[in-house]
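Here the structure comes first, spelled out in structure tokens, and everything after it is commentary.
Every number in this text was worked out from the coordinates using simple rules, so none of it is lab data. Given the structure is predicted, the values throughout are model-derived calculations rather than measurements. For neighbour counting, all protein chains shown are included, and Cβ atoms are generated from backbone atoms with ideal geometry for every residue, glycine included.
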Amino acid sequence: MNVISKDELIEIGYTKCTAQGIIREAKALMVQRGYNFYNNKRLGRVPKEAVEEITGIKL
């Protein structure tokens, strides 16, 4: 899949708080790029590419 959630980041090894922060940053990045769909606090999945860009780690 091309999307990732907080729970999947936790499985990789991030703490709960860090995983939530990464998802929050990725959502803000997607809104900044013009995808207003991600401006929704109930949405918990973001593109892997956005997370890879934030963390610098290939998933």
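Phi angles across the range 15-28 convert, under the Karplus curve 6.51 cos²θ - 1.76 cosθ + 1.60 with θ = phi - 60°, into 3J(HN,Hα) values of 6, 4, 5, 5, 4, 5, x, 5, 4, 4, 5, 5, 5, 5 Hz, Gly and Pro given as x. The residues neighbouring GLU8, those whose beta-carbon lies less than 14 Å from its own, together hold a net charge of +1 under the Lys/Arg +1, Asp/Glu -1 convention. For TYR14, no residue whose modelled amide H falls within less than 5 Å of its own remains once neighbours fewer than 5 places apart on the same chain are excluded. Under the convention that each Lys and Arg Cβ holds +1 and each Asp and Glu Cβ holds -1, the size of the dipole of the chain around its Cα centre is about 260 debye. Within the chain, the percentage of alpha carbon pairs spaced more than 15 angstrom apart rounds to 40%. The 3J(HN,Hα) values that the Karplus relation (6.51, -1.76, 1.60; θ = phi - 60°) gives for the range 8-14 are, in residue order, 5, 5, 5, 4, 5, x, 6 Hz. Gly and Pro appear as x.
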